[in-house]
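First the structure, which I've put down as structure tokens, then a few questions once you've had a look.
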Amino acid sequence: MRTDGDLRDLLVKAPKGAKDVTSRVTGDGWMEMPEFADTFEEPADAFSDRVIGSQIRRIAVAYWERGHQFTEVRLAQFRHEENLEAAVLTDRQNNFTAAEPVDSWPLPGTGDGMVHVLSRPERKAGYLPVYEARAFAHRGDISLQIWITDTRPVPKKTIMDLAERQMERL
């Protein structure tokens, strides 16, 4: 099976002109469970959460930057012993994001995959505004998560094209 090999090989490559910074962020392209748990709204509860719990197998990540734009692509693989956890995680992330001021579109060919462009930037005194776009989808036992942040608005085309290219690799 294609997903039994090195999951990092399935990650989309950084686009032309972007600097791959994966080794600077993680060293080896793998995300450890505590770091993954910290990405949840309630990190303390993440390990007891059935999505994270015993069903997660491994998490491959890629990071790159271009100017002020930073991209994270994450593939989380699940064991699927009890439930289709990749689908559960995709649903939770899409629902969580939909509760924010956001424009959302279906990700073609994924069933329930979505891309989201947040309508308002995050603003902190003394810092440039941070705009964000996200994509969440799954294929089989793998959950795809993408985040793009920038000091300028992230176009729908940017997140959509990246998510489509990543899904093609799965």
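The values are calculated or read from the model by the stated rules, or taken from the named source; none is laboratory data. Please read these numbers as outputs of a predicted model, since none were measured by experiment. All Cβ positions, glycine included, derive from the backbone under ideal geometry; neighbour counts span all protein chains shown.
Mind listing whichever residues of the range 136-155 are in contact with a His (Cβ under 7 Å, 6 or more places away or on another chain) and surrounded by 15 or more Cβ atoms within 10 Å (Cβ to Cβ)?
Those that are in contact with a His (Cβ under 7 Å, 6 or more places away or on another chain) and surrounded by 15 or more Cβ atoms within 10 Å (Cβ to Cβ): ASP141, LEU144, ASP150.
While we're looking at this one, here's another question. Go over the candidates ALA62, ALA14 one by one and state the one that is in contact with a helix residue (DSSP H, G or I) (Cβ under 8 Å, 6 or more places away or on another chain), within 18 Å of TRP147 (Cβ to Cβ) and at pLDDT 75 or above.
It is ALA62.
Something else: Can you tell me which of THR158, THR90 is within 12 Å of the chain's Cα centre (by Cα), surrounded by 18 or more Cβ atoms within 10 Å (Cβ to Cβ), part of a helix (DSSP H, G or I) and on the phi < 0 side of the Ramachandran plot?
Step by step, each of THR158, THR90 is checked, and only THR90 is within 12 Å of the chain's Cα centre (by Cα), surrounded by 18 or more Cβ atoms within 10 Å (Cβ to Cβ), part of a helix (DSSP H, G or I) and on the phi < 0 side of the Ramachandran plot.
State all residues of the range 120-140 that are acidic (Asp, Glu) and over 15 Å from the mean Cα position of the chain (by Cα); if no residue qualifies, say none.
GLU122
Something else: Within the range 123-153, count every residue that is within 11 Å of HIS68 (Cβ to Cβ) and not in a strand (DSSP E or B).
Matching residues across the range 123-153 total 4.
Next question. Quick one: how many residues across the range 65-97 are modelled with pLDDT of 95 or more and within 21 Å of GLY113 (Cα to Cα)?
Qualifying residue count for the region: 5.
Checking VAL73 against (1) under 13 Å from the mean Cα position of the chain (by Cα); (2) farther than 19 Å from VAL12 by Cβ, only one condition comes out false. Which one?
Just one mismatch for VAL73, condition (2).
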